[in-house]
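Worksheet: the structure to be examined is printed underneath.
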Amino acid sequence: MPEEWSVRGIVAATFPLLAVLTVVELWGGLVLDGSRAVLTQYPTLLTLVPGIIAVAGNLGSVLASRLSTAFHLGTLAFAPTDDELAGNAAATLALAATLFPAVGAGAWVARYALGDVALGLGTVVFIAAASGLLLAVVAVAIAASATYAAFQLQLDPDDVVVPVVTTTCDVLGVVVFLLVVGATV
């Protein structure tokens with residue numbers, strides 16, 4: 001990592017990555033657009049998409065920031081026995097286990113209030129929880145991998161890891177969500 005920071009250096013390190021991530025994000029939108037039929041058939045699922053993607057991205061971002069801080073402090077070892085890594089991963093999974101069912105219940109209540117419920121509460125909560133827990137595992141893997149890659153490439157993880165994690169969670173969030181919906185509905 002460079003010892004001195006400059007705007008030019010940060011832009012030079014992140015611009016190519018952000019350009020690639022923009023294309024990846026567009027692909028995620030196309031995948032979502034391709035599933036319009038099932039999402040309009042079950043409006044509660046359509047209501048659930050932004051919440052699932054947002055919470056997954058937020059959990060991934062928090063984890064990425066914590067790993068980046070641990071990296072800068074020198075307390076992150078990138079080893080399977082690393083307590084810092086394991087503790088942060090466990091916290092992310094615990095948050096996912098509590099937040100995603102709440103997101104599902106909130107989406108169902110919102111659609112119920114509008115008088116437009118096609119799926120039961122249990123089904124919607126299950127879809128949200130299953131999607132969320134799978135996404136949390138993906139977020140942990142991506143955040144740890146991206147932080148390690150930044151370390152290996154001598155880039156500042158503060159500059160590159162959060163965009164990678166949030167974009168990946170957006171795109172894979174759509175894919176995982178649609179896979180869980182397909183297996184459930």
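Couple of notes before you dig in:
- At R0 = 25 Å, FRET efficiency that the Cβ-Cβ distance of residue 116 and residue 54 yields, to 0.05: 0.70
- Stretched out straight at 0.36 nm per residue, the stretch from residue 185 to residue 27 would grow longer than its current Cα-Cα span by 54.5 nm.
- In loop segments of the range 1-70 as defined by DSSP, the GluC sites (Glu not before Pro) with at most 14 further C-beta atoms inside 10 Å of their C-beta are 3, 4.
- The ellipsoid equivalent to the alpha-carbon distribution of the range 23-67 has semi-axes of 25, 14, 4 angstrom, derived from the gyration tensor eigenvalues as √(5λ) and listed largest first.
- Compared with the direct C-alpha span, the chain from residue 82 to residue 17 gains 20.6 nm at full extension, assuming 0.36 nm per residue.
- A protection proxy built from the mean count of other Cβ atoms within 10 Å ranks the segments 124-135, 50-61, most packed first, as 124-135, 50-61.
- Peptides ranked, highest mean first, by Cβ atoms within 10 Å: ranges 33-40, 177-184, 149-156: 177-184, 149-156, 33-40
- Each peptide among 110-123, 93-106 gets the average number of other Cβ atoms lying within 10 Å of its residues, and from highest to lowest they stand as 93-106, 110-123.
- Taking each residue as 0.36 nm, the span from residue 141 to residue 72 lengthens on full extension beyond its C-alpha to C-alpha distance by 22.9 nm.
Rule-based calculations on the coordinates, nothing more; no lab input. Quick caveat: nothing in here was measured; it's all calculated off a predicted structure. So basically every Cβ, Gly included, is an ideal-geometry build from the backbone, and we count neighbours across all protein chains shown.
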